[in-house]
Structures are given as C-alpha cells and as structure tokens.
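The values are calculated or read from the model by the stated rules, or taken from the named source; none is laboratory data. This structure is a prediction, so every number in the text was calculated from the model and none was measured. A quick note on method: Cβ atoms are made from the backbone with ideal geometry, for glycine too, and the neighbour counts reach across all protein chains shown. To get the accessible areas, we keep the full protein, side chains included, count just its heavy atoms, and leave off ligands, DNA and RNA. Shrake-Rupley method; radii C 1.70, N 1.55, O 1.52, S 1.80 Å.
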Amino acid sequence: MALFTESISEAFSEYLKAKTPKEWERDEVTKYRKRIYDVLNDEYGLLGFSQSGSFSNGTGITQKSDVDYFARIPFERRTVQPASFLSAMKGVLRRGLWEAGDVWVSRPTVSIDFRGLVTQYEVTPAFYCRTGSNGHEVFLIPGPGNTWREAAPKAHLEYVKNSNVNHSGRVKGLARLLKAWKYENSVPVSSFYLEMRAAEYGNSVDSILYPFALPSIIRAMVAKDLRLMNDPMGLVNRISPCGSELDRLTSLRAMREVLPKLESAYEKWMVDDWDASQEYKEVFGPSFPTVVKF
C-alpha cells in the first residue's frame, strides 16, 4: 500500500486495496472447504453447503474477517435448543478435523482454527423454515437466548449486491471501511449489521462520498442507540447489531467516540486533504495513507 497519496480519494482507494483479502487467503479457504464439508456431510447428509459472510461477499478484511459457511441440515436433525445442536456439531468437527488446532462453540456458529493464515472458520447450522417473497428461502439458525431465529442469507446478499451495483462498488467499499474501523478498534458490533446499514444508506442516496457517508451512517446508528434493524427485505425478524447487551453498549460508546473524528475529517476534507488524512489515521490507524502537501 502506498504510504503517501495525492488526494483523500486516492488514500481511500489504497487503503481499501490493502484491506482486501489476498489470493493466498483465498487459496487457504479453498483448501479447507472440502474438509469441513466432508466431515459434516458424513454425519448429517447435508442438503447444502455454501460460503457466506463478508469474506465471500466482497467486504472482508484481510487477516481479520472469518470465513463463514452455511450448512443446510435435514430438519429432522434439529434439536429443541440450539445449544444442544451446536455442542453436538462441535464434537463432530473436533473428531473429524484432525488438523484443526481448536474447535469451539461461538454462537450462532461452531468456530474452527486451523492455525493457518486465515483467522478462523465459522460454520452455522441451518434448517429450512419456509419460502418467502420472490422465492427467497428462510432458514432457522441459532440465535440469542438459546432460541432459533430466522435468516435469509441469499436475500440479504442480493440486497447488498443491488445497492452496490447502483453505486459502482462504493457500497461494498463503505462496508469494508466500517469493518476496518471495527477491527482496528476492537468494536464488538456485527459485521453483517454494518454491511446491511451500508446497503441501506446506499439505497437512500444518489451518490456516495466516503468522507460524507461515514459520519452519516455512524450518526444514524448513534441516534437510534444502535438498536435492532428492520429487515429491508421483510423476510425475517429484526437484525441484531451485537451478540449481547454489553456488546451493544460497548459498540455504541465506540461510535459516539469516533463520530466527532469523522465529522472533523469531513470538515477538514472540504479545506485541506492533508489535514483530513491525519484525522482518518485516528479512525483507521496509522496504515491509512498520508496525503502529501503541495
């Protein structure tokens, strides 16, 4: 990544390029996908197994984003409580994946660490529930409070993609910037939630300028106290920002702290790109490029 650029626009471009998962990460993902599938298929007779989440959606952060898999399992194998199924699936993966360094339950998934280049792999068990509008399938996956909740990953992927196309890729760029801030500052907010908020913003504006969009999205989330988001596709229950109330309060506090910095960066960008780049270093870390003075 270039350490110095000639404009904020170029600085964002270089920063996003540096945060995009690299080819060697994708090679590792391909290597372990079949292993995970084979172990689960032998036990459950999978009806489907697909990669989901930010890594596959084009919004992942190199060496930070987990690799998510959505494992569709026959409905008759579902337990009354998700905790029981997650515990059983953890046992299956731990026995079958001899090369895994660790396997553990991290609701709503079972997480796997291969001690490799990619941080970790997360497998979400899913059971077909119904077919909603436009033929989108809705599944039951583990949720808060040891209950099953609804999910429609393909519908939400389509929502993000459509918003992104309308802005020539800048919605995914915006989502990646929000996630980069999250990881840089260890903010326990859901990456999926941030991605959906970015897509929602894209659907509400005619154009996207990162210096203006970033404080706008954070400001809107703070104004709503980082509460649940209504599903824009109208398919599932509301979308949760965090895994617990403590995480919500921690994330909300982080957003309140970063908002003045983003607002200041926008004001400085209107006058001097160098000053703005120094402010963005406070948000995204020292790797954010410095705009040279002329």
Item to complete: Using 0.36 nm per residue of separation minus the Cα-Cα distance, give me the extension gain between residue 271 and residue 81 in nm, one decimal.
Response: 62.8 nm
Fill in: Beta bridge orientation in the chain: antiparallel %, DSSP, nearest 5
75 percent
Worksheet entry | C-alpha long axis of helix 273-284 to longest principal axis of the chain, angle in ° | 30 degrees
Worksheet entry | Gain on full stretching of the segment that runs from residue 10 to residue 249 - 0.36 nm per residue minus C-alpha separation | 82.6 nm
Discussion item. As a test question: what accessible area, to the nearest 10 Å², does residue 253 have when a 1.4 Å probe is rolled over all protein chains in place?
Written reply: 130 Å²
Worksheet item: Once the piece of chain linking residue 106 and residue 31 is laid out straight, how much longer is it, given 0.36 nm per residue of separation minus the C-alpha distance between them?
Response: 24.7 nm
Discussion item. As a quick test, which of the pairs 90/161; 224/293; 154/268; 22/268; 64/261; 22/224 have an alpha carbon distance above 29 angstrom in this structure?
Written reply: 90/161; 224/293; 154/268; 22/268; 22/224
Discussion item. Taking the Cα centre as origin and putting +1 on Lys and Arg beta-carbons and -1 on Asp and Glu beta-carbons, what dipole magnitude results for the chain, to the nearest 20 debye?
Written reply: 660 debye
Practice prompt. Return the whole-Å distance between the Cα centroid of region 277-294 and the Cα centroid of region 245-267.
Written response: 18 Å
Worksheet entry | Largest to smallest accessible area among 293, 90 [probe 1.4 Å] | 293, 90
Response to the item:
With the 1.4 Å probe rolled over protein heavy atoms, the chain has an accessible area per residue in Å² of 47 Å²
Worksheet entry | Summed side-chain charge close to residue 210 - residues other than residue 210 whose Cβ falls under 11 Å, Lys, Arg +1, Asp, Glu -1 | +2
Worksheet item: In whole percent, how big is the carbon plus sulfur part of the accessible area of region 1-156, probe 1.4 Å, protein atoms only?
Response: 49 percent
Worksheet item: Going by alpha carbons, how many degrees (0 to 90, nearest 10) lie between the helix axis of 245-269 and the longest principal axis of the chain?
Response: 30 degrees
Worksheet item: Of (1) 174; (2) 126; (3) 164, which is the value of volume of the Cα convex hull per residue in Å³ derived from the coordinates here?
Response: (2)
Worksheet, complete the sentence: Rounded to the nearest 10, the angle in degrees between the Cα long axis of helix 82-96 and the longest principal axis of the Cα atoms of the chain comes to 80 degrees
Practice prompt. Could you please state, rounded to a whole Å, how far the C-alpha centre of region 96-138 is from the C-alpha centre of region 6-72?
Written response: 12 Å
Item to complete: Please identify, among 123, 110, 165, the residue showing maximal mean-square fluctuation in a Gaussian network model of the chain using a 10 angstrom Cα cutoff.
Response: 165
Practice prompt. Give the accessible area for residue 44 in Å² (nearest 10); use a 1.4 Å probe, count only protein heavy atoms, and leave out ligands, DNA and RNA.
Written response: 20 Å²
Response to the item:
Shape call for region 195-243, from the Cα gyration tensor axes a ≥ b ≥ c (a/c under 1.5 means rounded, otherwise prolate when a/b beats b/c, else oblate), comes out oblate
